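Contents: one structure, followed by commentary.
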Amino acid sequence: MIIAQQKPIKDIAEMIADCKKVLLVGCAGCVTVCLAGGEKETEILAAALRIMRRLQDNPLETVTYVATRQCDPEYIATMDNLVKDVDAIISLACGVGVQYIAERYHDKWVVPALDTKFIGGSKVHGVWEEKCGLCGDCVLHRTGGICPIIRCSKSILNGPCGGSQYGKCEISKDVDCAWQLIYDRMKALGRLDKLMEIQPPKDWSKSRDGGPRKAIREDVMIG
Amino acid sequence: MSAEKTGSVLVVGAGIAGIQASLDLAESGYYVYLVEGSPAIGGTMPMLDKTFPTNDCSMCILSPKLVECGRHLNIKTYTCADVVDVQGEPGNFTVTIRQRPRYVDVDKCKGCGECAEACPIDVPSEFDQGIGERKAIYKPYAQAFPNAYVIDKENCIECGACEEACQAGAIDHSMEEETIELKVGAVVLCPGFEKFDASKLAYYGYGRYPNVLTSLEFERILSASGPFQGHLVRPYDKKEPRRIAWIQCVGSRNCRVEHGYCSSVCCMYAIKEAVIAREHSKEPLEITIFYMDMRTYGKGFEKYYERARNEQGVRFIRSRTYEISEVEDESKNLRIRYAQEDGSICEEEFDLVVLSIGLEPSSSIKELGRKLGLTMNEYGFAEPAPLTGVGTNKPGIFVAGAFSGPKDIPETVMQASAAAGASASLLAEARGTLVKEKEFPPEKDVSGQPPRIGVFVCHCGVNIGGVVKVPEVVEMAKNLPNVVYAGEYLYACSQDSQAAMKQIIEEYDLNRVVVASCSPRTHKPLFQETVREAGLNRALFEMANIRDQCSWVHMHEPEKATEKAKDLVKMVVAKAALLEPIPQVSAGVTKVALVIGGGVSGMTSALSLADLGYRVHLVEKEQQLGGVARRIKQGLKGEDIPSFLSDLIARVTTHPNIQVHVGTEVQAVAGYVGNFVTTLTDGQEVQHGVAIIAIGGEEYKPTEYLYGESDRVFTQLELEEALAGGDPRIENARTFVLIQCVGSREPQRPYCSRVCCAKSVKLALKLKEKNPAVNVFVLYRDIRTYGFLEDYYLEARRKGVVFIRYDSANKPLVEKGDSALKVTVTDHVLGVPVVIDADVIGLASAIVAPESNRQLSQLFKVPLNEDGFFLEAHMKLRPVDFTSEGIFMAGLAHGPKNLEENIAQAKAAAGRASTILGKDQLESHGVVAVVQQDKCAACLTCVRLCPYNAPKIRNYAAEIEPLLCQGCGTCAGECPNKAITLQGYKDRMQMAMSRALFREV
């Protein structure tokens, strides 16, 4: 899922400093699961902003709503009548949600409450880790199910580099060397020979280097 | 034996053991008479400040049990009462009780305390160990049950002031002693212990020097409810001490005062007191503990000791203190003279000295034992029948707690549950014959009705009424929205007020009830029962605490207190308007137990439950029953283990209620308390209501001391087998070296294996018995022969076994010599290396958790501790329960213990399990959390955070099993999409309360 975290409340408050009434929109998708933008966080943020503004003698009116998902236009449409009289919309979704809202309500001031961090999963309750580099051309079958694109600090394809020490990456003793993990796992699987195959330079055009991407399934498209 | 057994049990002594045994029995379908000599139940626990090793507040963890025990319909408590005689036979005893006069009518007394205010006589308080004072009319402690005062006639001058002050008319100076006769089927004795009188050891100066205190006095100083409200000061001059010393073994391990045994708990309580004292002290505090052997053998104890020593700066000095003298100045500080291990004499000055006094049986206990014809040991403690855990030489009479030897709280609780289980098994056919059940009228349907709230405001004598202007509060309440009745009561909890309340509910057609009085902790269940009797759902009741949280804390500001009381009532009335009935969810119980592990523990649990009439599936992964005990030849007291074991196996395999599955393990577990479905590896599916995990432990295979390299290096179990089998390596040996703590108390296994010290001592004695000419050396770190096992340690030393202490930093060295094994160890007295040519080396290797613990912990979703043993729901008071209901543990799976202790624990697990199997229906705990599934993101937050494993994800959304939910509200608070609400604690209720607070009336 997408992992996001809330921005400092001061930053959010500043974005809506000139507003009197705002709509805060949570998302019941990924950001609920990563505890950043579900109904609970939406209500807390609304209350916090109200308190902050009241202390500044500049009261703020808030309306809250939680969309099933902000990355599908139909779910955005369900809040049409809440949007009309607000000065701004604060989205507690990932960057996708903010943009979908901004697209639909083009005359509204739409701001993000979250920083969208990465694609990952939860390690234990309260800790999330990055697992996928969104490179558009998966190599996990070659690397024992460990992604070198995002988990190696250099995204090396024929690793490790000279900075791997005692299984850790040179950038921090808290970061595992992905190539050490790959080596250990391939060894345990008895497939070290696979690692001897040299990987040619990766086609990064399938990744962000090729500009904004689109995925199309013609077979499911209507009309 | 007579045909009909009596379905009631007498429990003697209402400390934690008596309370636990009573609750377990009452919950299992037996009527209980709980007889206590003092005016209140609770025993010693209420006096303690914190409890080791979790530092939980003693009173806080005990208090819910006091309330539960006090309120239980099937427990009849007699305080100020003694057992005079027990006649009859198992199943049918006649008990004579002497009920001493209390001079206060327990039913009328509301515990308001006006009488004590009026009483002119001050007496040193027993509860505060004489440091504080009480009146001649008093309540032993704030949370006491019965919540009633008592007159101490020895000090009473009969001035009548109390009678005048009592508005409830509860005082009766003319009460007389009564004799009560009771019929019971079994007797559980748990009269507890007495503290050693430290003034008997003149050289410690207790009683002469004001700054020498006992450990129990120190507990009261630390306690927030104590004479100094928890401020750490010396009673002598109220100054904060800077240097405190503890002296261990005061009245323990001392043959000169006939207290040769070890009191088992003092090492840990001294460390705990030291650690807590440091927390209480604002200034740096120097702490020293003078000890002989540090006996931190229980679960989690060794780590507590290590932390105190390494992180909390507690100084431990191994020594024998032989004199305390007073400094000749105003300070009255103390000088301790002690001998260090190398024999040198030291002297140090301290501001305060705490004597870690031992436990002893009281004279009344000894008397009771004699009267009942129980076998007592030389020290006057009860001697339990061998390998029964809780049995005595008198069938039908069981023991629990310190009566059968000094022990700490969890072991006491375990024994209590075990004694309850054993009594229940004995009286199986009489189960349910004497218990009462409360009948209620059907519930009125209040749905759709506008709220009609009744407000009952209590004066609590003058407790509330003396500060808060109750009539004003009532007038205000009358004007609140939805309120149709408001009235005032002298004691809302009295019988007549309760009757009035029911009548008013009827008359005014109330559908919500608010009582403004004292603490919901003690009184909410009582009022809820009253509204239920009036036909209302219990959840339609709410309380405002205008006493503890208002009149008591603001007693000098009556005006403001009245305003606050009004605010509290306003808030609660606003919430009450939104209350909804909460239906009680119930489910049937599969009256079958699954016991996993066919060792002594598992078999004992299985037999106990089978004897109670429940079907039991006993699962053992090996092809035969018996477990580790198959390798043990002799118990710690010399019991014949092989014949005990074969007898046990025979009883298990022939019992009609037990189905044994050998060569089988658990593969999958589904369901929850009362209704589990477990799949075994042989494909069988077992339906059961409870599960007991008793899969045992393993002996650590040492990598040290040439184990595996020389055939003369044995583990303890191997040595025992070789000794019994007449192995020539043993027969021909002249010199034995037994090395302790092999694999225990090490960084990778930082716990004590508990049984090895006593086991090595017994092995040493056995070797000496076979041939007194052999040399036996025991190399140890601390000898931990707790309780009466200390006698064997003494015996071994008398018989010439040589004990040499080593440090973990300087371990013995074992090398292969020409003909023998060469052991080098630095002698702790001489400080020089000693070389021993050993023919045989015995290694006291650790007890380790089997790998399968991890598997089972995942299958049953129950936790393990850091050492891989199963983690109980509460270290002190729930030693065999898991937090997930319906699952229990026993034996080595829980942690290292000896056979006798495992048996007690196994019976305890069975006793606890029978509290569930004894019910036909299990009911939810009232307030439970519910999921609005369309809002659920299946994020797992609730699943991960619930301490009771109540939520599960099913069909892409969370579901909370109401029977498992304890209503703690964690999930409701944490749910990121607010899909979970805790019944009775909805957001809108809380918001309504805040709004009401700020609304003008």
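Within the stretch B:537-564, the residues that satisfy the criterion of being touching a residue at least 40 places away in the same chain (Cβ under 8 Å), surrounded by 23 or more Cβ atoms within 10 Å (Cβ to Cβ) and either in contact with a strand residue (DSSP E or B) (Cβ under 7 Å, 6 or more places away or on another chain) or part of a loop (DSSP other than H, G, I, E, B) (or both) are B:Leu540, B:Ile546, B:Arg547. In the stretch B:928-938, what residues are among the hydrophobic types (A, V, I, L, M, F, W, C) and either within 12 Å of chain A (Cβ to nearest Cβ) or buried (at least 18 other Cβ atoms within 10 Å of the Cβ) (or both)? Within the stretch B:928-938, B:Val928, B:Ala929, B:Val931, B:Cys936, B:Ala937, B:Ala938 meet the criteria.
Determine whether B:Val462 is outside any strand (DSSP E or B), of a type in the set (Val, Ile, Thr) and in the same structural domain as B:Trp552 (by TED's automatic domain parsing). So B:Val462 fits the description; yes. Applying a threshold of 9 Å to beta carbon distances and a minimum spacing of six or more residues, or different chains, the list of pairs starting in the stretch B:299-310 at a residue that is closer than 14 Å to B:Glu746 by Cα and ending at one that is surrounded by fewer than 22 Cβ atoms within 10 Å (Cβ to Cβ) and of a type in the set (Phe, Trp, Tyr) reads B:Tyr305/B:Phe316.
Residues that are in contact (Cβ under 8 Å) with a residue 40 or more places away in the chain and in a strand (DSSP E or B) do occur in the stretch A:49-61, at least one of them. Can you find a residue in the stretch B:913-928 that is within 24 Å of the chain's Cα centre (by Cα), at pLDDT 90 or above and among the polar types (S, T, N, Q)? Yes, the stretch B:913-928 contains a residue that is within 24 Å of the chain's Cα centre (by Cα), at pLDDT 90 or above and among the polar types (S, T, N, Q). Among the residues of the stretch B:233-249, the one identified as at positive phi and surrounded by fewer than 16 Cβ atoms within 10 Å (Cβ to Cβ) is B:Lys238.
Counting the residues of the stretch A:52-74 that are closer than 15 Å to A:Ile89 by Cα and either within 21 Å of the chain's Cα centre (by Cα) or within 14 Å of chain B (Cβ to nearest Cβ) (or both) gives 5. Each residue in the stretch B:834-871 was checked for being touching a strand residue (DSSP E or B) at 6+ places or on another chain (Cβ under 7 Å), in a loop (DSSP other than H, G, I, E, B) and farther than 24 Å from B:Thr715 by Cβ, and 2 pass.
Looking at the stretch B:734-748, which of its residues are surrounded by fewer than 20 Cβ atoms within 10 Å (Cβ to Cβ) and farther than 17 Å from B:Ile847 by Cα?
Just the residues of the stretch B:734-748 that are surrounded by fewer than 20 Cβ atoms within 10 Å (Cβ to Cβ), to begin with: B:734-735, B:746-748.
Within the stretch B:734-748, B:Arg734, B:Thr735 qualify.
Restricting attention to the stretch A:37-51 and to residues that are within 7 Å of another protein chain (Cβ to nearest Cβ) and either basic (Lys, Arg) or more than 15 Å from B:Asp987 (Cα to Cα) (or both), the residue that is farthest from the chain's Cα centre (by Cα) turns out to be A:Lys40. The residue that is nearest to B:Cys249 (Cα to Cα), counting only those in the stretch B:296-353 that are assigned to a loop (DSSP other than H, G, I, E, B) and β-branched (Val, Ile, Thr), is B:Thr296. Does any residue of the stretch B:445-453 turn out to be at pLDDT 95 or above and buried (at least 22 other Cβ atoms within 10 Å of the Cβ)? Yes, the stretch B:445-453 contains at least one residue that is at pLDDT 95 or above and buried (at least 22 other Cβ atoms within 10 Å of the Cβ). Take the conditions (1) of a type outside the set (Val, Ile, Thr); (2) assigned by TED's automatic domain parsing to the domain that holds B:Gly185; (3) within 28 Å of the chain's Cα centre (by Cα); B:Ala144 misses just one of them, which is (2). Of the residues that sit in the stretch B:939-971 and are assigned to a strand (DSSP E or B) and in contact with a helix residue (DSSP H, G or I) (Cβ under 8 Å, 6 or more places away or on another chain), which one is surrounded by the most Cβ atoms within 10 Å (Cβ to Cβ)? Restricting to residues being assigned to a strand (DSSP E or B) and in contact with a helix residue (DSSP H, G or I) (Cβ under 8 Å, 6 or more places away or on another chain), the top hit is B:Ala958.
Inspect the stretch B:879-895 for any residue being over 28 Å from B:Ala539 (Cα atoms), touching a Pro at 6+ places or on another chain (Cβ under 6 Å) and not hydrophobic (A, V, I, L, M, F, W, C) and give the result as yes or no. Yes, the stretch B:879-895 contains at least one residue that is over 28 Å from B:Ala539 (Cα atoms), touching a Pro at 6+ places or on another chain (Cβ under 6 Å) and not hydrophobic (A, V, I, L, M, F, W, C).
Number of residues in the stretch A:76-105 that are in a helix (DSSP H, G or I) and surrounded by 18 or more Cβ atoms within 10 Å (Cβ to Cβ) equals 7. All of B:Val462, B:Val468 fail the test of being under 25 Å from B:Ala142 (Cα atoms), in contact with a helix residue (DSSP H, G or I) (Cβ under 8 Å, 6 or more places away or on another chain) and surrounded by fewer than 17 Cβ atoms within 10 Å (Cβ to Cβ), apart from B:Val462. Looking at the stretch B:360-372, is at least one residue in contact with a Leu (Cβ under 8 Å, 6 or more places away or on another chain) and outside any helix (DSSP H, G or I)? Looking through the stretch B:360-372, none of the residues is in contact with a Leu (Cβ under 8 Å, 6 or more places away or on another chain) and outside any helix (DSSP H, G or I).
Can you say whether B:Asp881 is without any contact (Cβ under 8 Å) to a residue 60 or more places away in the chain, surrounded by fewer than 24 Cβ atoms within 10 Å (Cβ to Cβ) and not basic (Lys, Arg), as far as the supplied structure shows? Against the criterion (without any contact (Cβ under 8 Å) to a residue 60 or more places away in the chain, surrounded by fewer than 24 Cβ atoms within 10 Å (Cβ to Cβ) and not basic (Lys, Arg)), B:Asp881 qualifies. Being out of contact with any Gly (no Cβ under 8 Å at 6 or more places or on another chain), without any contact (Cβ under 8 Å) to a residue 12 or more places away in the chain and hydroxyl-bearing (Ser, Thr, Tyr): is that true of A:Tyr166 here? Answer is yes for this residue.
Of all residues in the stretch B:943-961, those satisfying the criterion of being under 16 Å from B:Gly973 (Cα atoms) and within 14 Å of chain A (Cβ to nearest Cβ) are B:Val943, B:Arg944, B:Leu945, B:Cys946, B:Pro947, B:Pro951, B:Ala958. Counting the residues of the stretch B:972-985 that are within 14 Å of chain A (Cβ to nearest Cβ) and assigned to a loop (DSSP other than H, G, I, E, B) gives 5.
The strands (runs of 3 or more DSSP E) located wholly in the stretch B:579-659 that include 2 or more residues which are surrounded by 22 or more Cβ atoms within 10 Å (Cβ to Cβ) and modelled with pLDDT of 95 or more occupy B:592-596, B:615-620.
Here B:Val572 passes the criteria (1) part of a loop (DSSP other than H, G, I, E, B); (2) outside the structural domain of B:Ala904 (by TED's automatic domain parsing); (3) not basic (Lys, Arg) except the one numbered (1). Would you confirm whether or not the stretch B:801-824 contains a residue that is over 28 Å from B:Ile317 (Cβ atoms) and in contact with a helix residue (DSSP H, G or I) (Cβ under 7 Å, 6 or more places away or on another chain)? The answer is no, given that none of the residues of the stretch B:801-824 is over 28 Å from B:Ile317 (Cβ atoms) and in contact with a helix residue (DSSP H, G or I) (Cβ under 7 Å, 6 or more places away or on another chain).
Kindly indicate whether any position in the stretch B:262-284 is assigned to a strand (DSSP E or B), assigned by TED's automatic domain parsing to the domain that holds B:Gln312 and in contact (Cβ under 8 Å) with a residue 12 or more places away in the chain. No, that holds for no residue.
Kindly check whether there is at least one residue in the stretch A:21-33 that is within 14 Å of chain B (Cβ to nearest Cβ), in a loop (DSSP other than H, G, I, E, B) and of a type in the set (A, V, I, L, M). Checked the stretch A:21-33: at least one residue is within 14 Å of chain B (Cβ to nearest Cβ), in a loop (DSSP other than H, G, I, E, B) and of a type in the set (A, V, I, L, M).
The values are calculated or read from the model by the stated rules, or taken from the named source; none is laboratory data. As the structure is a computational prediction, the values presented were derived from the model and not from experiment. So basically every Cβ, Gly included, is an ideal-geometry build from the backbone, and we count neighbours across all protein chains shown.
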